[in-house]
Amino acid sequence: MSDPVTCPICTMPEPLTTADGFECATCGHEWLGELSDGLDDVRDANGNLLATGDDVIVIKELKLDGKSGGVKSGTKVKGIRLVPGDHPIDGKINGRGILIKAEFVRKA
Ligand SMILES: [Zn+2]
């Protein structure tokens, strides 16, 4: 791993190393060293942890890359999958695969 380690809470770089991970000198958050993809800490708009296989409800109308249509608020997405990136929720709506930001959904 060559990426610089940053605190997942406050994003400050250069955390202190501990026996099994890191501790942030700025906010005091401690986390394990293996957690590089952030997929075990994807949270919905209410701060609930999301996991692959969860059902979620879209809480904001989403536009899909300029195409007509989009996703209406209140749409349920069943059996999501978590993927790396800033749109960590991979789901299907009406047979179409889309990626959604975690802050635009809540757990169903
Ligand atoms: Zn921190």
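The values are calculated or read from the model by the stated rules, or taken from the named source; none is laboratory data. Bear in mind the structure is a predicted one, so any value in this text is a computation, not a measurement. Cβ sites come from the backbone with ideal geometry, for glycine too, and all protein chains shown count toward neighbours.
Within the range 8-24, at least one residue is within 16 Å of the ligand (Cβ to nearest atom), modelled with pLDDT of 90 or more, part of a loop (DSSP other than H, G, I, E, B) and in contact with an Asp or Glu (Cβ under 9 Å, 6 or more places away or on another chain). Among the residues of the range 79-96, those that are under 11 Å from the mean Cα position of the chain (by Cα) and either assigned to a loop (DSSP other than H, G, I, E, B) or among the acidic types (Asp, Glu) (or both) comprise Val83, Pro84, Gly85, Asp86, His87, Pro88, Asp90.
Being within 16 Å of the ligand (Cβ to nearest atom), surrounded by fewer than 16 Cβ atoms within 10 Å (Cβ to Cβ) and modelled with pLDDT under 95 holds for only one residue in Asp41, Asp37, and it is Asp41. Being assigned to a loop (DSSP other than H, G, I, E, B), among the hydrophobic types (A, V, I, L, M, F, W, C), surrounded by 13 or more Cβ atoms within 10 Å (Cβ to Cβ) and not assigned by TED's automatic domain parsing to the domain that holds Pro8 is a property that Leu64 has.
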